[in-house]
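Laboratory data are not the source of any read-out in this text; all were calculated from the coordinates shown. Computed from a prediction, not measured in an experiment: that's the story for all the values here. Note: ideal-geometry Cβ built from the backbone for every residue, glycine included; neighbour counts use all protein chains shown.
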Amino acid sequence: MNSEQMKSLSIAFDLVTGLSSDVEPIRRKLSAMAGMYADRQAFGEMVAAGDPVVYEFHDLGVPAEAGEIAFGTSITYPGKVGDEYFMTKGHFHSILDTAEVYYCLSGGGRMMMENPEGDWEARELTPGVAVYVPARYAHRSINTSSDEPLVTFFAFRGDAGHDYGTIEDKGFRKLVVERDGRAVIVDNPRWRDHPEDTQ
């Protein structure tokens, strides 16, 4: 399908679960997130014990072209690796000057954001709250609920692309972990594991 052929599009998805009966989701198991969690021992044990699905998302099929708007739903499941909450991989956009909007449909969590210069911010996601992710900011969804999925609707320019590699190599500077039953933000202890960040 290209933009010349496309006139309109209708796709059904559930406003609570985020699931679509029209589009198969892309699922990310824990094993696909090697190196992203600080507690590597807990990560290995969880992968060996069953390798749970951490999140899934529905890309609702809009052409990846300038002038189009990509949109879909993301479902991050409850769980922790050690004391660190389940989260999406996170990404920059390949076209770095791309903003994105997330609207929380159900559940609760945080949107973690940071730019290449190291500025960062975390916004709370609760049902009915929209978070605007500015251009140049990597972003990831983090589910801080103990028992329900975090479901968001997202939209961004169709040709923006995704840069997962930078996050896979360097991670985020900050982590969201559970302390005394609540979510807190801490420094990523493995941030300076990377040779380019050490003297």
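List the residues, sorted by chain then number, that are 5 or more residues from V54 or on another chain and whose placed amide H is less than 5 Å from its amide H. Placed amide hydrogens put R28, K29, L30 under 5 Å from V54. Ratio of Rg to Rh for segment 26-197: 0.94 [Cα atoms; Kirkwood radius as inverse mean 1/r over pairs]. Restricting attention to the chain, the count of lysine pairs at 8 or more positions apart or across chains with alpha carbons under 23 Å apart stands at 9.
What is the local net charge at K174, summed over the other residues whose Cβ is closer than 13 Å to its Cβ (Lys, Arg +1; Asp, Glu -1)?
Working: positive: R110, R123, R140, K170, R173, R190; negative: E84, E114, D119, E121, D187.
So the environment of K174 carries a net charge of +1.
Looking at the chain, which longest stretch skips every one of the GluC sites (Glu not before Pro) that is in a DSSP loop with at most 11 other Cβ atoms within 10 Å, leaving the sites themselves out?
On the way: sites that count: E4, E117.
Excluding the exposed sites themselves, the longest stretch runs over 5-116.
Using 1/(1 + (r/R0)^6) with R0 = 25 angstrom and r between the beta carbons of L9 and A66, what's the FRET efficiency to the nearest 0.05? Calculated value: 0.90.
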